[in-house]
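The values are calculated or read from the model by the stated rules, or taken from the named source; none is laboratory data. Bear in mind that the values here come from a model prediction, so they are computed numbers and not experimental data. Counting neighbours? That spans all protein chains shown, and the Cβs are built from the backbone with ideal geometry, glycine included.
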Amino acid sequence: MRFAARTATSLPCPCGGILVPTTLREFDASPLLGIPVLLKGHLPGLRCPNCGSVIVAGGALELASHEAVLVLLNLPRRLAGSEARFLRKAALELGQKQLASRLGLSRPTVARWETATSLAADQDFALRGLAIGELLRRARLDDSPWRREHARLLSIAETVLREARNTKAPQRIRPLRIAA
Ligand SMILES: [Zn+2]
């Protein structure tokens with residue numbers, strides 16, 4: 001029975017080993033999310049005893065992505081370029097060209113800020129404002145995963161729309177630590 005249960009959820013690993021179910025205490029989601037994010041907690045996942053590779057269950061990643069969006073929207077400093085790119089994809093679900101047209105900018109302008117160490121204050125404000133507006137719109141839809149975040153989004157919106165961020169993003173951004 002134990003063997004059967006394992007083969008049902010185990011996966012082949014690229015190294016030739018087998019990934020088996022495990023509980024992860026920490027998972028580095030940075031390569032998957034494109035910004036430094038450490039997930040902490042008791043996460044269902046798979047581990048390869050042969051090479052040590054780990055993968056985490058998809059639901060945890062989606063939660064981590066949502067949580068990262070909320071944390072970034074509420075950061076007291078300006079966004080780094082990589083964080084802006086993450087927000088564009090995870091919160092707005094827009095391509096660079098679509099985002100540029102929503103903000104009345106050119107695509108190269110958006111591409112340039114996404115590789116910058118820090119956004120300029122007006123870029124940061126425009127992007128956060130657009131993202132929070134979009135998420136609040138989605139939070140009113142019955143089937144949206146953002147629905148349960150409505151109250152939190154409203155409180156973040158108040159800060160986002162009131163205060164421009166004066167502090168630039170640092171050269172090296174610290175990983176977001178997210179409890180899963
Ligand atoms: Zn392996």
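Output the residues belonging to the stretch 55-73 that are among the aliphatic types (A, V, I, L, M) and at pLDDT 90 or above. I'd like the intermediate steps shown before the answer.
First, pick out the residues of the stretch 55-73 that are among the aliphatic types (A, V, I, L, M): 55-57, 60-61, 63-64, 68-73.
Residues satisfying the conditions are 68, 69, 70, 71, 72, 73.
I'm trying to understand the selection: among the residues of the stretch 25-73, which are over 13 Å from the mean Cα position of the chain (by Cα) and in a loop (DSSP other than H, G, I, E, B)?
Passing the criteria: 48, 49, 50, 51, 52, 53, 57.
What about residue 56, is it more than 16 Å from the ligand (Cβ to nearest atom) and within 19 Å of residue 180 (Cβ to Cβ)?
Working: more than 16 Å from the ligand (Cβ to nearest atom): no; within 19 Å of residue 180 (Cβ to Cβ): yes.
Spelling it out, it is not the case that residue 56 is more than 16 Å from the ligand (Cβ to nearest atom) and within 19 Å of residue 180 (Cβ to Cβ).
In the set 139, 164, which member is of a type in the set (A, V, I, L, M) and free of Cβ contacts under 8 Å to residues at least 24 places away in the same chain? Break it down into steps so the answer makes sense when it comes.
Working: 164 fails: free of Cβ contacts under 8 Å to residues at least 24 places away in the same chain.
Result: 139 is the single residue among 139, 164 that is of a type in the set (A, V, I, L, M) and free of Cβ contacts under 8 Å to residues at least 24 places away in the same chain.
Can you tell which of 59, 45, 81 is of a type outside the set (D, E, K, R) and loosely packed, with under 14 Cβ neighbours inside 10 Å?
On the way: 45 fails: loosely packed, with under 14 Cβ neighbours inside 10 Å; 81 fails: loosely packed, with under 14 Cβ neighbours inside 10 Å.
59 is the lone residue from the list that is of a type outside the set (D, E, K, R) and loosely packed, with under 14 Cβ neighbours inside 10 Å.
Could you tell me whether any residue of the stretch 66-79 is among the charged types (D, E, K, R), out of contact with any strand residue (DSSP E or B) (no Cβ under 7 Å at 6 or more places or on another chain) and closer than 27 Å to residue 167 by Cα?
Scanning the stretch 66-79, I find at least one residue that is among the charged types (D, E, K, R), out of contact with any strand residue (DSSP E or B) (no Cβ under 7 Å at 6 or more places or on another chain) and closer than 27 Å to residue 167 by Cα, so the answer is yes.
Among the residues of the stretch 1-19, is there at least one that is more than 16 Å from the ligand (Cβ to nearest atom), in contact with a helix residue (DSSP H, G or I) (Cβ under 9 Å, 6 or more places away or on another chain) and either under 18 Å from residue 179 (Cβ atoms) or part of a helix (DSSP H, G or I) (or both)?
No, because not a single residue in the stretch 1-19 is more than 16 Å from the ligand (Cβ to nearest atom), in contact with a helix residue (DSSP H, G or I) (Cβ under 9 Å, 6 or more places away or on another chain) and either under 18 Å from residue 179 (Cβ atoms) or part of a helix (DSSP H, G or I) (or both).
For the structure I just gave you, tell me whether residue 115 is more than 23 Å from residue 66 (Cα to Cα), at pLDDT 95 or above and touching a helix residue (DSSP H, G or I) at 6+ places or on another chain (Cβ under 9 Å). Don't jump to the end; show me each part of the working.
Details: more than 23 Å from residue 66 (Cα to Cα): no; at pLDDT 95 or above: yes; touching a helix residue (DSSP H, G or I) at 6+ places or on another chain (Cβ under 9 Å): yes.
It is false that residue 115 is more than 23 Å from residue 66 (Cα to Cα), at pLDDT 95 or above and touching a helix residue (DSSP H, G or I) at 6+ places or on another chain (Cβ under 9 Å).
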